[in-house]
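Notes to accompany the following structure.
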Amino acid sequence: MRVLKSLGFVEDRQQGSHLTLRYAERAVSVTVPMHTGVDVGRGLAVRILKDAGFTVEDYIRLR
């Protein structure tokens with residue numbers, strides 16, 4: 001979440017426990033589950049990054 005927001009993604013809408021972030025310049029949207037007390041799994045985190053147009057290496061470099 002923090003990394004996506006720092007890259008320019010903004011909160012678009014929330015439905016239940018899922019938050020949709022939008023990046024207007026590239027017309028990209030990603031949905032992130034926001035379950036209290038539960039971390040996002042590795043596979044889902046990689047999928048969210050890929051949908052946002054980034055690689056795992058980009059994430060590690062930006063962290």
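The values are calculated or read from the model by the stated rules, or taken from the named source; none is laboratory data. No experiment lies behind these values; they were computed from the predicted model shown. Ideal geometry is used to build each Cβ from the backbone, glycine not excepted, and the neighbour counts take in all protein chains shown.
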Problem set entry | Qualifying residue in the range 19-33 (condition: in a helix (DSSP H, G or I), aliphatic (A, V, I, L, M) and either surrounded by 13 or more Cβ atoms within 10 Å (Cβ to Cβ) or free of Cβ contacts under 8 Å to residues at least 40 places away in the same chain (or both)) | no
For this session: Could you tell me which numbered condition residue 49 fails, if it satisfies all but one of (1) in a loop (DSSP other than H, G, I, E, B); (2) surrounded by 15 or more Cβ atoms within 10 Å (Cβ to Cβ)?
Result: (1)
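State yes or no: is residue 60 surrounded by 13 or more Cβ atoms within 10 Å (Cβ to Cβ), of a type outside the set (D, E, K, R), without any contact (Cβ under 8 Å) to a residue 60 or more places away in the chain and in a helix (DSSP H, G or I)? It would help to see each step written out before you state the result.
Working: surrounded by 13 or more Cβ atoms within 10 Å (Cβ to Cβ): no; of a type outside the set (D, E, K, R): yes; without any contact (Cβ under 8 Å) to a residue 60 or more places away in the chain: yes; in a helix (DSSP H, G or I): yes.
When the stated conditions are applied, residue 60 does not pass them.
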For this session: Report whether or not residue 4 is outside any loop (DSSP other than H, G, I, E, B), touching a strand residue (DSSP E or B) at 6+ places or on another chain (Cβ under 6 Å), at pLDDT 95 or above and of a type in the set (A, V, I, L, M).
Result: no
Seminar exercise, completed: For the range 1-15, pairs from a residue that is under 13 Å from residue 62 (Cα atoms) and touching a residue at least 60 places away in the same chain (Cβ under 8 Å) to a residue that is exposed (fewer than 11 other Cβ atoms within 10 Å of the Cβ) and of a type in the set (D, E, K, R), with Cβ under 7 Å and 6 or more apart or across chains, are 3/63
